[in-house]
Amino acid sequence: MANDKLYRYPGAVCFTTEQAHLFEGRDNDTKKLWQLISARQVVLLYGKSGTGKSSLINAGLIPLLERDKKANHFTIRLYNSNQGGNEINVSPIKTLINSLTNQEVLAKKNLLQIEDIENPWMEEFKRNAYPKGELWYWLKQWQLYQPEQPIILFFDQFEELFTYSPEEIEVFGEELKTLIYEKIPGFLNKKEYFKTLSEEQADKVYTKINLKLVFAIRSDRMALLNKLSLHIPEILKHFYELEAISEKDARNAIIQPAQLKGDFQTPNFQFENTVVDAILERVKNKYDGKIETATLQIICRFIESQKVSQANSIITLNDLGNVKDIFRDFYQSTLNQLNTEDKAKVSKSIEERFIQNNQRIPFAGEYLKLEDKWTDELFKQLEESTLLRKERDTAGRFMYEIGHDTLIEPIVEFANERKTKEKEEQLKEQNRQQALENERQQQVLENKRLQQLQALENKNLQDALEARKKLLIYATVAGVVLLGLLGCTLYQWYDANESKRIAYKAKQNAEQLKEIADREKIKAERALNQVYYEQAKVIKDNGVNIYRNEYPIIAKVFYDSALKKLSKIIKPDTLGIGLKNELIDLKKKKP
């Protein structure tokens, strides 16, 4: 069952401020970045996806600022303008303002409100100039609240700004320009009520806000910053490149958290040195030997959640398996922990919604509940697995997205393989159904052919019987006539001359009738032979068609049936002999 205990390794999501004690390998980067921020007003933090920019801010810089009370800080996520379920159209500036004023921010600082309601000129400004200059107003409120501390705005994943319209980016740039280079917005100088301020009040109003901006952006998106260079010329001037960590730091990041005891999801454990070596060898860059922290954390989180069962467990090479497969296994094992229905919903949402054009797309939790029927328990399971990360946007909604860009490629790869297998299974099923349909159609065709053959055989047999009847009639008539003539001949026997003539004539007539009978018999035999020949030929042709449809055994049955028909022919002629030889050759033909 889900609980609130932490894993030692955050996995696919970035480190939080609460996990600072687990954050290893970035002490030097934290120190150098803070030195740069202290000296400059605008700093660009950049690095490849997976190097840990968000973690450095959350678990490196912010704990430092809070421990030493060095600055008043805010972390801002602008989110993609095309985020899923975004029915609320919030501009980048409004998002920034909300990040300065929402109740969650105030609660973290133990405040009920930030506005100085007893300050008459700020109240006057709000009545007359608000909402123009709203961003300046709220930053001024924070300045008045803690005038001795600078205000640092950390813009995490700043590349998201450039998913908005050019007009919104232009407004955003102009607002930041005013904050950086002007004491107060230019339009405020024209307001009459500022001319009546006391000297003390005027000092507060015109004291420039001690503001520092830190933009964290992926190195492959840095070219987008040119869109702000006219507003903030310094945006590309002072920068800090966050590189992958060294092998030494990576080794510590693997070993040290595992040994910690405390209120964690798993008991403390250890890695065999060979396991650490295998992990580092697999994930380090082959050119400079450095390691991306996101990749390392996903591997360690998978090992911790899947392989550790008792205190002081030792992770061996057998436990590790193939490092290459861990990212796929992480996604697959997370899905496998869900029930069948949830697994189908989640895989469809993640593969079709959360990843589009190889980019992570955030989705509102309420949208997923409504459209994809996700439950609170399902959200909790996926968040705890680190497959998804959750943040509250400035409109107060919980937004969910894939834990890290590192997971996009293995998820897409896994999804493509799964879809390929599904298509193969569908194709197999379609082929099986088609084979059954072909067999059924062949059976229907075969039955139809057999019916036609039977009808033809019955007709031919009927014709043969009719021919035999005619032959019998002719023979009977001839016999009767012959007997009659013979009787007459005997009757006229005594009349020699006449009898001789009659007898000779009767003999001739009898011979003629016999010849007619013989000819009719031959004709009847030929008609019957032709019937057998035609039947055999039809059966042979059907057998050939069946053979072409890849049914050789059935075809041979038809050849045998045709030969049987031919055997009934009396004195077979050239056609019958030729057909018989053809059938014998067909029977010898191999499938």
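Observations on the structure shown:
- All conditions but one from (1) within 27 Å of Glu160 (Cα to Cα); (2) modelled with pLDDT of 85 or more; (3) among the basic types (Lys, Arg) apply to Arg397; the one that does not is (2).
- Of all the numbered requirements in (1) in contact (Cβ under 8 Å) with a residue 12 or more places away in the chain; (2) open to solvent by less than 60 Å² (accessible area, probe 1.4 Å), Gly321 misses one, and that requirement is (1).
- Here Tyr559 passes the criteria (1) over 17 Å from Leu450 (Cα atoms); (2) at pLDDT 75 or above except the one numbered (1).
- Subset of the range 278-303 (residues that are over 18 Å from Phe15 (Cα atoms), part of a helix (DSSP H, G or I) and in contact with a strand residue (DSSP E or B) (Cβ under 9 Å, 6 or more places away or on another chain)): Ile279, Leu280, Val283
Matching residues to (1) more than 24 Å from Ile93 (Cα to Cα); (2) of a type in the set (Asp, Glu); (3) in contact with a helix residue (DSSP H, G or I) (Cβ under 6 Å, 6 or more places away or on another chain); (4) in a helix (DSSP H, G or I):
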| residue | (1), (2), (3), (4) |
| --- | --- |
| Met399 | no, no, no, no |
| Ile408 | yes, no, no, yes |
| Glu413 | yes, yes, no, yes |
| Glu417 | yes, yes, no, yes |
| Glu429 | yes, yes, no, yes |
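- One residue alone among Ala250, Ala258 is modelled with pLDDT of 90 or more, closer than 30 Å to Val43 by Cβ and among the aliphatic types (A, V, I, L, M), and that residue is Ala250.
- Selected residue (criterion: farthest from Leu456 (Cα to Cα)) from residues of the range 539-576 that are assigned to a loop (DSSP other than H, G, I, E, B) and among the β-branched types (Val, Ile, Thr): Ile570
- In this structure, Asn447 does satisfy being part of a helix (DSSP H, G or I), exposed (fewer than 13 other Cβ atoms within 10 Å of the Cβ), over 21 Å from the mean Cα position of the chain (by Cα) and at pLDDT below 80.
- Of all residues in the range 513-529, none are farther than 29 Å from Val477 by Cα and of a type outside the set (Ser, Thr, Tyr).
- The numbered conditions (1) under 30 Å from Val323 (Cβ atoms); (2) open to solvent by less than 90 Å² (accessible area, probe 1.4 Å); (3) of a type in the set (Asp, Glu) are all true for Glu424 except (2).
- Scanning the range 24-33 for residues that are open to solvent by 30 Å² or more (accessible area, probe 1.4 Å) and either in contact with a Pro (Cβ under 8 Å, 6 or more places away or on another chain) or hydrophobic (A, V, I, L, M, F, W, C) (or both) turns up just one, Glu24.
- Strands (runs of 3 or more DSSP E) wholly inside the range 205-277 that include at least 1 residues being without any contact (Cβ under 8 Å) to a residue 24 or more places away in the chain and open to solvent by less than 20 Å² (accessible area, probe 1.4 Å): none
- Per the conditions (1) of a type in the set (D, E, K, R); (2) farther than 30 Å from Gln359 by Cβ; (3) open to solvent by 90 Å² or more (accessible area, probe 1.4 Å); (4) at pLDDT below 75, the sole criterion not satisfied by Asp463 is (3).
- Note on the range 509-559: residues that are polar (S, T, N, Q), open to solvent by 60 Å² or more (accessible area, probe 1.4 Å) and either in contact (Cβ under 8 Å) with a residue 24 or more places away in the chain or under 30 Å from Lys588 (Cα atoms) (or both) amount to 2.
The values are calculated or read from the model by the stated rules, or taken from the named source; none is laboratory data. Everything numeric in this text was worked out from a predicted model, so none of it was measured. As a convention, Cβ positions derive from the backbone with ideal geometry for all residues, glycine included, and neighbour counts pool all protein chains shown. Heavy atoms of the whole protein, side chains included, go into the accessibility calculation; ligands, DNA and RNA do not. Shrake-Rupley method; radii C 1.70, N 1.55, O 1.52, S 1.80 Å.
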